[in-house]
Amino acid sequence: MFVHALWATVYISIVAQVLGIILGLIAALMRMSNFRPLRFLSGAYVLVFRGTPVLVQIMFIWLIIPGRTVGFGAFTLKQEVFAGILALGVNEGAYMREIIRAGIDSIDKGQMEAGKSLGMRYGAIMRRIVLPQAARVIVPPLGNEFNNMMKTSSLVYIIGVYELFSDAEQVFSSSGNVAPFIAVAFWYLVLTSIWSIVQASIERRLAVSEHGDELSLRERAVAVWTEGGGVSRLGDWPFGAGGRWRGRS
Amino acid sequence: MTSSLEGLVLRATEVHKHFGRLHILKGVSLDVRPRETVCIIGTSGSGKTTFLRCINHLEKIDGGSIEVNGHPIGYRMKNGRLVEDSERNISRQRTEIGFVFQRFNLFPHKTALENVTEAPIQVRGVSKQEAISDAEKLLARVGLADKKDTYPGKLSGGQQQRVAIARALAMKPALMLFDEPTSALDPEVTGEVLDVMEELAHEGTTMIVVTHEMGFAKRAADRVVMMDEGVIIEEGSPEHFFESPTHERTKAFLSKIL
Ligand SMILES: Nc1ncnc2c1ncn2[C@@H]1O[C@H](COP(=O)(O)OP(=O)(O)OP(=O)(O)O)[C@@H](O)[C@H]1O
Ligand SMILES: [Mg+2]
């Protein structure tokens, strides 16, 4: 059972994060559109989903989605799992919009103009010229977002999703023993630590020339523990790219 | 040579442009014939860059018209009125116009070769092998055959600008626009870029070059145009500008840069 709970936390977080990236990208592009209603929609989205507690959003989306299961062609999800992922993803999208927009804004507008002057169209310039360069700026805070996501995903226990936290909660309510919460904290720490190592290696690959310091896997693992688990370099900085203070979980 | 049958590459008529309340272009008219090289000179802020940017519709115009190879740029007739053209059509028109920027604007995440092959593959749908072999020839032509796998960040300014020229040429445009292509370069490397451009001019590339390099104008230009405060105030052969400029402001400007 416990392995299922661990896996549920991992996949709920991954799917919700991917959904958040997609929605954030769409919202960021809408924000930059010349068409005012799209900009307005994007603004309203961010206002609502950053301005209300994610817990409320989870409850609300869970309440409005009918049925007991939601099917996607070959596979089906339990209604509460679908609602949980959707709520986390939509909430995350509002934060990702800002991160993606900052990434796109950081690219010199001469890049867009160079693409245009070659006859490339907006979509192609975004996809092939601007976004690949913006990725360098987007990835570090995105890594921090995912770290947050793994922890925030525990909130879906409230709508009855079976995952790490609810597993501990169940054991606690039947036994009155606090040990499960210590165990669950340990497992979150394992997840976020693993992610930090992955994140560091992705960032290093994106910016080899900038940092130049090639750390081995072991050294990186050590760095994770000495620098504080689950927080990237940029995340340490209160006002850095990833350092938006955010007390969600 | 000027027979109307031959057609003009550029016909700009009474072009007006405002930025907010600033009237930047106040009726600029310029015709460019095939194989002609026109140099635009003029004081800072006279609207030279703005004019070039209007030609490939990086800026919208507020009045007048711009035609390249007989096709209006950026606008089309709809129910007897001019409306801005679709993004798709504007993009297609831009393939006919090469633009070389003051600050190169190379794609830093792509090698020199990839910079040159990007648009032919993505826009023209040329096969990869063909694009690469074309790009290799173009890089050789600008003297950078050995730098094809180098990223822009590892190239000197002069080398980057030559890659940028090759990148624009790869689309085989009917008209090349250069906006002060050497003004962001160290003096030692302006020569290598000007040499490439001079060669293009002598090979019959139709081009408009905003530049203050009067030596280049003398060697390569068929015609020099002086802009001042949003209008063309004087036009003539390079010799005319060197020997007998007529307008007071031209004289004052030339005495400063020569
Ligand atoms: N996007 C813009 N918004 C507002 N004003 C602008 C904009 N672009 C240019 N201008 C103004 O238009 C005027 C003409 O600018 P432009 O860049 O065309 O001059 P230029 O002749 O190319 O000058 P330089 O020799 O310095 O490059 C300047 O006063 C400039 O400040
Ligand atoms: Mg200029």
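Would you work out the relative contact order for chain B, in percent, from Cα pairs under 8 angstrom that are 6 or more residues apart?
25
Decide, for chain B, between rounded, prolate and oblate: order the square roots of the alpha carbon gyration tensor eigenvalues as a ≥ b ≥ c, take rounded if a/c falls under 1.5, and otherwise choose prolate if a/b is larger than b/c, else oblate. Oblate, since a/c reaches 1.5 and b/c is not below a/b.
Helical content alone sets the calculated 222 nm signal of the protein assembly as shown at -16500 deg cm²/dmol, taking -39,500 (n - 2.57) per DSSP H segment of four or more residues and averaging over every residue. Per-residue Karplus couplings for segment B:107-120, computed as 6.51 cos²θ - 1.76 cosθ + 1.60 with θ equal to phi - 60°, are listed in order as 7, x, 8, 10, 5, 3, 4, 5, 4, 6, 7, 3, 6, x Hz, Gly and Pro entered as x. Highest GNM mean-square fluctuation among B:Ile61, B:Ile132, B:Ile208, for chain B modelled with Cα contacts below 10 Å: B:Ile132. Note on A:122-128: average number of Cβ atoms from other chains within 10 Å of each residue's Cβ is 3. Put simply, the amide H of B:Met171, placed in the peptide plane, has no neighbours under 5 Å, leaving out anything fewer than 5 places away on its chain.
Return the percentage of antiparallel bridges among DSSP beta bridges fully within the protein assembly as shown, rounded to the nearest 5 %.
Counting DSSP beta bridges with both partners in the protein assembly as shown, the antiparallel share is about 60 percent.
The mean sequence separation of alpha-carbon pairs under 8 Å and at least six residues apart, normalised by the residue count of segment B:1-126, gives a relative contact order of 22 percent. Based on the Kirkwood radius over alpha-carbon pairs, what value in µm²/s does the Stokes-Einstein equation return for the translational diffusion coefficient of the protein assembly as shown at 4 °C and 1.567 mPa s? It comes out at roughly 49 µm²/s.
Taken residue by residue and averaged, Cβ atoms of other chains lying within 10 Å of the Cβ of B:96-109 number 4. Scanning chain B for GluC sites (Glu not before Pro) lying in DSSP loops with no more than 15 further Cβ atoms inside 10 Å, the longest uninterrupted stretch between such sites is B:1-202.
No value in this document is a laboratory result; all are computed from the given coordinates. Predicted model only: the values in this text are computed from it and were never measured. With ideal geometry, Cβ positions are generated from the backbone for all residues, glycine too; neighbour counts draw on all protein chains shown.
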